[in-house]
Amino acid sequence: MGQFSKKVRKQSANKSRQVPRRSRRLSMESLEDRCMLAAAILDGLNLVVTDNDGVNNEFSIRLSGGDIVVADANSTFDAAPAGWTLSGDGHSISRDVAGFSGSITVNAGGGDDALTLDTTLSTFAGDIFVDGGAGADQVVVEEGATLTLTVDPSADIDLQGGNLTLAPEL
């Protein structure tokens, strides 16, 4: 019985000699910016892309492998509208161009925004409407593109050798 109590006492003594833990300071790490674009189909036909955060967008619209692709290098889409597919990184939405007969409207909101229209759009039959909103905005038509485009009158248009017909703002 005496040996058993010595072992217990010895364990208790070791516990009392434990080194106290150092306290750690709590810190916060900021997350990446979550600027989201909204995309919706209106009237069951027309795509409307809207920047609700007022960031500097770098939009592009192009045809790729039979799909029409709407992208933004600086923001992600919150979801894809019906009939469209959201890319893995969230920066673009796409759909089969043969199944799309509507128009595309880009409401860029605040910020210094750019919209690049690819030469592949020369075969796109739909209309593209752009409202740059506040900021120094520009629409870039790549060389070789022939488009008819309705733009906000405050936007700068860089044709880079493309052809552009301006329609009056509706």
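Quick notes on this one:
- Sub-6 Å Cβ pairs linking a first residue in segment 127-144 that is touching a residue at least 60 places away in the same chain (Cβ under 8 Å) to a second residue that is outside any strand (DSSP E or B) and open to solvent by 50 Å² or more (accessible area, probe 1.4 Å), at least 6 apart or interchain, are G135/D112, ordered by first then second residue.
- Qualifying positions in segment 110-132 - touching a strand residue (DSSP E or B) at 6+ places or on another chain (Cβ under 7 Å), closer than 19 Å to N46 by Cα and small (G, A, S): S122, G126
- One residue stands out among those in segment 67-83 that are open to solvent by 30 Å² or more (accessible area, probe 1.4 Å) and among the small types (G, A, S): the one that is nearest to A114 (Cα to Cα), which is A73.
- Within segment 84-121, the residues that satisfy the criterion of being open to solvent by 20 Å² or more (accessible area, probe 1.4 Å), among the β-branched types (V, I, T) and part of a strand (DSSP E or B) are T85, T105, T116.
- Test for N74: is it of a type in the set (S, T, N, Q) and modelled with pLDDT of 70 or more: yes
- Yes/no for V130 being surrounded by 21 or more Cβ atoms within 10 Å (Cβ to Cβ) and at pLDDT 90 or above: no
- Filtered residues of segment 49-66 (kept if buried (at least 18 other Cβ atoms within 10 Å of the Cβ) and within 14 Å of G126 (Cβ to Cβ)): V49, I61, R62
The values are calculated or read from the model by the stated rules, or taken from the named source; none is laboratory data. Everything numeric in this text was worked out from a predicted model, so none of it was measured. Every residue, glycine as well, gets a Cβ built from its backbone with ideal geometry; the counts of neighbours run over all protein chains shown. With ligands, DNA and RNA removed, areas are computed over all heavy atoms of the protein, side chains included. Shrake-Rupley method; radii C 1.70, N 1.55, O 1.52, S 1.80 Å.
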